[in-house]
Each structure stands twice: as structure tokens, then as C-alpha cells.
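Notes for the one structure printed next.
The values are calculated or read from the model by the stated rules, or taken from the named source; none is laboratory data. No experiment lies behind these values; they were computed from the predicted model shown. Here the Cβ positions follow ideal geometry from the backbone for every residue, glycine too, while neighbour counts run over all protein chains shown.
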Amino acid sequence: MSNEPTPDSELEQQMVDLAEVEDAKLTSDQKSYSQNQLIRRRFFSHVPAMISLVVLSIVTIVAFTSVGYGIIPGWWQHPFRLPQGAQLVNNGQPTMFQDGQLFGPHPFGQDGLPRDIFARVMRGTQQSLIIGAVVALVSSVIGILVGAIAGYFRGKVESILMTLTDFVIVVPLLVIAAILGSYVSDMPFAPFPLAIALGLALWTGMARLVRAEVLSLREKEYVAAAIAMGASPWRIILKHMLPNAVGVIIVNASFTVAAVILLESVLSYLGMGIQAPEVSLGMLVSQGEAAINTRPHLFWIPGLFILTITLCVNFIGDGLRDAFDPRQQRKGDRRPGLRQVLGLRGFAMSQQRRGGAGTGSPGNNQE
Amino acid sequence: MSQSPVTEDNAATRPRTSSPWIPAALSLVVPGLGQLVVLKERDLGLKLLIAWLVIALGPTLVMTPLRLSGTQVNRAAVTLADTVALSAIGIGLLIAAYAAVMAYRSASPEAQEAVAEAATAKAPEAALSFQDVHVSFATEFSTVEAVKGVSFDVMPGEVVAVVGESGSGKSVTSAAAMGLVPKNGTVTGRIHLNGVEVTAMDAGQLRRLRGSEVSMVFQEPMTALNPVLRVSDQLKEAMEVHGVAFGKDALAKGVELLELVGIPDPARRISEYPHQFSGGQRQRIVIAMAIACNPSMIIADEPTTALDVTVQADILDLLRRLKEEINTAIMLITHNMGVVADMADRVVVMFQGQVVESGTAEEILLSPKHPYTRRLLEAMPKLHQKTVLDGPAVETAAPPEPVTPSDASATAETAIEARDLALAYKHRGKGIRVVEGVNFSVPRGEILGLVGESGSGKSTIAKAVLGLLEVDHGELLIRGRNLPALSRKERKAVRKDIGVVFQDPAASLDPRFPIGDIIAEPMVVHKVGSPKDRKERAAELLDAVKLPRSVTNRYPHELSGGQRQRISIARALSLSPSILIADEPTSALDVSVQARVLEMFIELQEQFEFACLFVTHDLAVVDQLANQIMVLEKGRVVEQGEKHQILREPRRDYTKRLLAAAPVPHPQEQRERREARHQLLAAQGLI
């Protein structure tokens, strides 16, 4: 083909047409990845998110199996309510790692009545996780619905829905949550009424984000193509827009979970969330605070659990965000490390550069 | 070693010191002293000295009398004085340490630069020279080598065009010259700019270099200027950063620059914002910023790709004039062989990260040696004009005409018809007419080319036919039925008959759908066939657009732009529509890929016999495809009729200008065309 003899006539060199090269690449045996597979791959290679996922899974499994849920019994011998004939062991102090035993009868200790703190913390964790998940679900559904409709149909529909959203936003969240929380506090099936109530107050962020995303997706040509082929608005929203907005939705929902667990703790701490005899982590912190001088573990242990759960959920959210939007990923040089934080990276590079030049050979390649 | 003038220049401007430790020690004792006395860095030295005096020495001196006169009575005051003085001394020590390090660092690169200069003393005095440059990027899954050993030189006052298609590494090569390769990229090999090695510089040195020695003109004039700053501020910034001129001087120089690049009334317009200028004017401003500091090298990365063809001709005229007036070297990155013929002295052809051929513009364009270059030149769509300038080269290259069933048009049914059509965009409740008084009819099996520059309303007409925009006035008949008067259900039925191909291959396919589903979607929407039939049909269509059937399970991001456009065409044809709307389907594609897609388009058109509205800005593409042409300007029809009449014997001035501005890939012919264009413009009283 070529006038000049090419010594290494590889396949690629013989093809001189870009279209041919591209077609050849397509037919060559390459593994095909869908968008979802790529996202999964990125997520599973995100170390903090993976560690958090493992920790959160362990916490969840232990919380639900140890004290059981509903009519299903758990494997932990003590109930979270005061049992008959309970005895104070070790003066209520945690028996974990005491006297050569790993856990002992009451690993997290007992309170004054005496109730087993491990069982209570597990029960509280259950409640917090349920509330987090249900609120994320409820608020996401409402937010997606409002946001997608407002963004897609524009005009009057949008102004009405967005004004409504603004009305909800201007009222402080804690006030709405407290009012709704005290309103539903004596309903049955706790903590579901509270979770749904919180969901009704928390959908605004999701609505605004989804609307913004839909507004930008509206201008995409594949949406225009779908409209031109006569697809119905619902088909376009459900099939084209929401799947492409799923990154924003999932990431926002995961951060909502963390925020809600904290919100519920605050409410319960203020006495407006979960009511006795139910238990929640915030309530345990609130009760423990009263005994902070005599039994500090009553305060610290549920507090630590709140911290662990929210941190894990936040890290998972970070991992999801990086997976969905690799442009924001902080990899290699962009990952904040110890040297970058101390501002030493540039210095080290210049040293290296100088060292390379100092050796003096002119043909010295520098990367 | 010091024969090179470059070395001597540098030696004259930068004082040499026997040891970097001397200024460092001086600065450690009195911050800034080393810079002031030894290094002659007045700015930094003064700043450091003043900072030291004000922050460190001042409070200590002020507090000393208090400390001395303070008695046991006022212990609190004494303690406060101690604290302030001690912390001030601490800060003073920090400033001293900083000054010493800075002094050491700015004194010590001398030795290294001497080595680098020694290495390049032998090198030819190229303005920019690449020696065996490799660039590779670490991606998520593997390392991609974007540039594989590129070597070429750009001499002062010379225009070197780097030509290549996407993925050829031409833009990455230029980014490497500016030190702008993204963080995940690795550059090996050596790049010399005026004899100084760019690859060995740190960020600070590169910053000093950019703008003053080498500057860049980008593709997109809309995003290259900051929309919230006045043009004057942005021009001044370019000069002030490099210390060329300050304040009023800079403003005066900015006005001069704007005049140089041909902005009318520069003294008034310099204080306007970028959005008040047209696209071509914005590109002129970007060029003005690029030449503000008299760089010896301008890198122009596709400077005219985003512009209309007449504006492109003007910008190329400007670049050519500037090259002669200020004698800079220009590295022109482009994919357009016509632009190459118009501008370049030498040409470097790149393909898949390698230089396949380089030589003078005449050599490359008239007698290309490498098969890739030949293919690239063949793929350029050609505009066949009947002009006195027609050289023998064009006549030999005359291709077979696309089949034109011109006699059938009288009998065939009319697919699309517009009668006195007017279209408007709604803006805050008010309608703004963008298209007015448009009449056309396209019979089945014919292609109407809508040609015009940006803002001419050509895409708006396509949108209206697709039902994406309401008709403001007049009638739009789709196979005899007036679209604006139809009910929703009837419209949906009409849409079944219209296929569409959009411009942007990246955005026209839903990234979450596999290819098979994308092609089958129109059938799903209109509930045609069973899932198995749809699959079968999708496979047939993939055959028709010459893609392997295995593509059905892949996703759009795995395909190249040309392949995606072929998928778009397959989707448009899935219901065998009688009408196809193509809105600039090939303008985002590379030339050789565009040739492929157009070839296929013609084939499919013969096979399916659809009527087609083909929107484009490229007259050569229209020449290849269309039966009729309608030329639009600012929403009005300028000229309309048979292709041959419009392209060979244009009647209107606008059409003539449009035709004259399209560059051809032949240096001499292009020179003659350029002169003819200037004559035409002069005759029309436009210059």
C-alpha cells in the first residue's frame, strides 16, 4: 500500500482510514461494559466506601439479629426492656474485656434499673437505620416526582411546584420535624409514622436537584429525538431522564440517610422523636447524658454508634458520587495525602527535578 | 557553549552568582536583602522587606518601651507586650526562612538552566521543536499512548499546520508544548521553545512562559473569554500579568491591539462585555489577547472550526496579516485541508499518535506520499464550481454525480411542503420571529439542502418539521396534512413517518440504552411488531449501516462519533419513514468518517427513497447530496432552486460570498480564490 517500505507492517499501520480503524476496534474481542458495570467497578475500587459498606453491613446484621425484630426472636439473651428479676452485674460497668472474658454478660454495661445497654443500643440502631432508609425512600419519591414534573413540563406547573418547594424550604427543618414528630408520636407502628412524617419534610433538596438535572437533560438531543419520534412525556421521564439522573438521585439519597439519622437523634434528644418505651440512639444519648458522671458509657456508646453509622453512610455516598461522576474523582495527584496537606509535594518535585539536572547529562529524559 | 545568542541573552538578563547560599544567608538575616542586593528581584525583595518590618519588627519595637517601663502595677500589660513581641518575632523568623528558601531557589536554577542551554546550544534555532515526544495517559483501565514519538520543528515566522483526525494526538502534542497536559498524562522526550526546554520546567517557570513566549488561540471563542469581565480588563490582565504594560498604558495598548485585529471603533468597544461581540469578533479578541505580549510562538488549536465559513475566511486573513506584521511562528492545528492550503508553509500529518508525513504545503497537498494523506484528501467533500479559476487538478477529480431523479419529481407525491412559514421562539411571553416567509416543497425521494450560517434559522425549520417547535404562522404540510392543525393523536401518527438525525454524536444517543434498544425505540413507542420482530429489524438496520450485528449489546460510549451517527441513522430509519430530517449530521465528524457516512447516506436514500431535509453549513456536502438548495440568511430565504444553478451560477451577493469563502485544498488555487474573494467583496462594497 505504502510507497515507502514499512519494516514493521502491523495491522494498524496498514489501515489508513480512521473509520476502518474504529470499525476494527469494534469487532475486535473487547469486553463490553455497560454504564452500570462501569459504575459498579469504580464503586468497588473505592476503598473508604468499601470499608464503610462492610462496617455498616456488620452493624446492620448484628443490630437486627441480636435483639430480633417484631415477633422474630434474636440470639441475645437480654431484652431491651427491663426484664423480671434483672440483676446488676459489675455495678453496671461494661463487662467487655473485663476479668479475662471477651464480652461477658453485659458487654456495654447496664443502666440504673438495670437494663442491658447492648440490647438497647442494638434496638436503637435498628430504629435509626429504619428511619434513615424509610425517610430516604419517601423523600426521594416525592422529590423525584415534584422535580421531574416541574423540570419537564416547565411553565405554570413548574412555578406552582417550585413555589411550594420554596415554602417548605423557608420554614426551619427542625421546626417542621418537631411539629410533625410530636403529632405522630403516639401513633402505632413506631417508628414508621415518624419516618414518613420526616420524609414529608425532607423532599425539597431532592426536588431541586432532580429539577436541575431534568432541565439540563431536556436539552440533550436524545430527548429531542424521543420527542420527535412521538414518545409520551412519561416514557421520556421514566426511560430517558430518570435513568440518566440516577447518579444525582442515589448520591443525594445516601446523604439524606446520614442527615436523617442525625435529625432523628436530635429530635429524640429533645424528646420529640421516638417515645418510650421504644428506644432510639438519640434518646439513649439523652438519657445517658444525665448519668455522664457516674456511668459515662451510657452516653458514649450510643453516641459512638451514631457517629459510626453516619460516617459510614457518608463515605458510601462519597464512593457513589465518585463512581457516578468520575470527573470529580480524586485519584493520584489529586487525592489529598499527607504531603499535599503539608504543601510539600511541589517542593519534593522541584528537588527531584534539580537532582535530575544536577547529574548533568544533557540527554537525560525527565518525566 | 555560549555561541548561541539565546544563551547570551539569558546570561545578560539574569545575574549569575557564585553560590545560591549567599543570597539565602543574606535573606535569612534581613528578609528580602538577598533578593534586593544579589538577585536584583526588586519586587519580591521589597515586599518581603516591608512585610518583615511591618509584621515582625514593628510590633516588637512598639512593645519594647512598654516592656521596659512596665511595672509590677500593670502586669497584664507587660504580659500582653511579651506575647505580642514574641509572636511577632516568631512570624519574623518564618518570613526570614521563607525569604531564604526563595532566594536559594531562584538563585540555584541558574546552574540547571546553563546545563539545559548547553544541551540546546547545538539545536537548530527553531521557535518550537519537538524531539521524540511521547505522551501517555493513565486511564481507569489501562494506559493509553496518545502521542507516539513525534519530532518536528517550527521555525520563526513560519506557519506549520498539524493535520489529523480525532485521536491523532495533534491537540495533545500542542498541549505538551504549553505544559498543559492533564495530570494523568506523562510526557517524555524533549520540547524546546526558543532553545529552552519546556519539559523540564516547573509550574512557575511555565506560567512565566505562557502568554509571553508562547500563547494559544482556542477553538471555542464563546468560552475562551470570561463573560463577566470587560474586554478591556481581560486584555489588560494579559499584559499586566507579564509586566508588559500597566494601567492606562495597557488600556492604550489594548485599543491598539483591537484595531490591529480589525475590531471597528476599538476605543469605545474595548469597554464592552464579550457577549456584545459576534463569534468572529470574539475570536479576533482572543487573538488580540494572544499577541498582547508579543509571543514568538502562537499555537492555534482549531481556531476557525466553530466559526462560519465567511468568518473563517476573515480570521484566516487576519492570522496571515499578523504573521507578516509581527513575525511570529504559528502552529496551526486543524482538520480542514482547505485551511491548510490557505495558511500553511509546512504541513505535518498525524495519524494515531504518529507523524505519517511532513513537508511543504505544496508537497503534501499536491503529491501526497503516504496513503493516509491521500485518503484524507480524497475524503474532503469537494465543491465543483464553474469558475475561470478551475485548474486541471479539479477537472480530473470530477466524481460521478449522485443519482438525481429529476424527472421523477414532477410526478412524485410531495412529502413536505411549507407555505409562507414563520417560526418564533418564545422569550418571556413574547414571540421573537426567527424565520419568516419560507416556502418550499420536497417531493418523495429528493433531498433539499438547507444552507446558511449560524443564526440563519435553518435548524429552526428542521425543529418545526419535527414538531419540537410550534408553527407561528403559515402552513407546514407533511404528506398533505397541515401539522399545526392536527390533534395530538394525529400528530403522533404523523411522527411515525419522520425520522431524525441530529448533529452531536455524543448527545444524540441515550447513554443508558444498549444499541439494540436505541434502534428499536421508535418501534416500541409506536407499538410496532413483537419484541422478536424488533430485534430482527434492528439487526437488519445494523447491516444497512454496515456495523456488525454484535453491536446490539454494546453501549453508546463504546462507539466512536461516526459509528454513533450511523446508529442514529439506523434509528431514524427503523420505521421506514418517508421523511428524514438531518440536522448537520456530519459536521461533528472527521473528514474521512464524514465521507463514509455521506456515502452510506446516499446509498440508503436510494434504497428507502425518503424525502429529506438536509441542514448543513457546508456547501461541499450539499453539493454531494442534494437535489435542491435553499440558502438562508437571518431567517429569510436568499436564494432557492436547483443545486447546479445555486452552486454554479449564484444570483445573489450573499450566495456568491458564501461560495467564495469556502477554502479548497490546493495552495495555488486557494491563493487565487482568496484574491477573487477580495475582489468580490470589494465589488460588493464590503471592504
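Before moving on, here are some points about what is shown:
- Identification of helices (runs of 4 or more DSSP H) wholly contained in the stretch A:249-367 with 1 or more residues that are more than 30 Å from A:L38 (Cβ to Cβ) and at pLDDT 80 or above yields A:281-290, A:297-324.
- Qualifying residue in the stretch B:167-186 (condition: more than 27 Å from B:T139 (Cα to Cα), at pLDDT 80 or above and of a type in the set (A, V, I, L, M)): no
- B:Q312, sole failed condition from (1) assigned to a helix (DSSP H, G or I); (2) over 13 Å from the mean Cα position of the chain (by Cα): (2)
- Count of residues meeting criterion [more than 14 Å from chain A (Cβ to nearest Cβ) and either out of contact with any helix residue (DSSP H, G or I) (no Cβ under 7 Å at 6 or more places or on another chain) or over 25 Å from B:A588 (Cβ atoms) (or both)] in the stretch B:152-178: 16
- Verdict on B:S166 being closer than 16 Å to B:A300 by Cβ, under 23 Å from the mean Cα position of the chain (by Cα) and not in a strand (DSSP E or B): no
- Matching entry among A:V171, A:V175, A:V223 (being within 14 Å of chain B (Cβ to nearest Cβ) and out of contact with any Gly (no Cβ under 8 Å at 6 or more places or on another chain)): A:V223
- Checked against (1) buried (at least 16 other Cβ atoms within 10 Å of the Cβ); (2) within 28 Å of B:G243 (Cα to Cα); (3) modelled with pLDDT of 85 or more, B:I50 passes all but a single condition, namely (1).
- Qualifying residue in the stretch B:570-579 (condition: within 11 Å of chain A (Cβ to nearest Cβ), modelled with pLDDT of 90 or more and within 27 Å of the chain's Cα centre (by Cα)): no
- Residues that are more than 21 Å from A:E20 (Cβ to Cβ) and within 11 Å of chain A (Cβ to nearest Cβ) were ranked within the stretch B:532-556; the one that is surrounded by the fewest Cβ atoms within 10 Å (Cβ to Cβ) is B:N553.
- Residues that are within 13 Å of chain A (Cβ to nearest Cβ) and part of a loop (DSSP other than H, G, I, E, B), drawn from the stretch B:196-217: B:V198, B:T199, B:A200, B:M201, B:D202
- In the stretch B:426-459, residue surrounded by the most Cβ atoms within 10 Å (Cβ to Cβ) [restricted to those that are within 14 Å of another protein chain (Cβ to nearest Cβ) and either touching a Pro at 6+ places or on another chain (Cβ under 9 Å) or without any contact (Cβ under 8 Å) to a residue 60 or more places away in the chain (or both)]: B:K426
One line per residue, one yes/no per condition, for (1) polar (S, T, N, Q); (2) facing chain A (nearest Cβ under 7 Å):
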residue: B:R491; (1), (2): no, no
residue: B:V500; (1), (2): no, yes
residue: B:Q503; (1), (2): yes, no
residue: B:R512; (1), (2): no, yes
residue: B:I515; (1), (2): no, no
residue: B:K527; (1), (2): no, no
residue: B:S530; (1), (2): yes, no
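- The listed residue being in a loop (DSSP other than H, G, I, E, B) and away from every other protein chain (no Cβ under 14 Å), out of A:A63, A:A86: A:A86
- A single entry from A:G100, A:G109 fulfils the requirement of being within 25 Å of A:I61 (Cα to Cα) and at pLDDT below 80: A:G109.
- Close pairs from the stretch A:37-58: first within 12 Å of another protein chain (Cβ to nearest Cβ), partner among the hydroxyl-bearing types (S, T, Y), Cβ under 8 Å, at least 6 apart: A:R41/A:Y33
- Flag for A:L270 being under 18 Å from A:Q127 (Cα atoms), within 19 Å of the chain's Cα centre (by Cα) and not charged (D, E, K, R): no
- Remark: A:V251 matches the filter, which requires a residue to be touching an Asp or Glu at 6+ places or on another chain (Cβ under 9 Å), away from every other protein chain (no Cβ under 14 Å) and within 30 Å of A:V175 (Cα to Cα).
- Qualifying residue in the stretch A:159-168 (condition: modelled with pLDDT of 90 or more and within 14 Å of another protein chain (Cβ to nearest Cβ)): yes
- Among the residues of the stretch B:510-522, those identified as in contact with a His (Cβ under 9 Å, 6 or more places away or on another chain) and either of a type in the set (S, T, N, Q) or over 12 Å from B:N553 (Cα atoms) (or both) are B:D510, B:P511.
- Elements of type strands (runs of 3 or more DSSP E) contained in the stretch B:599-687, each with 2 or more residues being of a type in the set (D, E): B:636-642
- Unmet criterion (only one of (1) touching a residue at least 40 places away in the same chain (Cβ under 8 Å); (2) under 21 Å from the mean Cα position of the chain (by Cα)) for A:A197: (1)
- Taken over the stretch B:594-644, the criterion of being within 28 Å of the chain's Cα centre (by Cα) and free of Cβ contacts under 8 Å to residues at least 12 places away in the same chain is satisfied by B:E599 alone.
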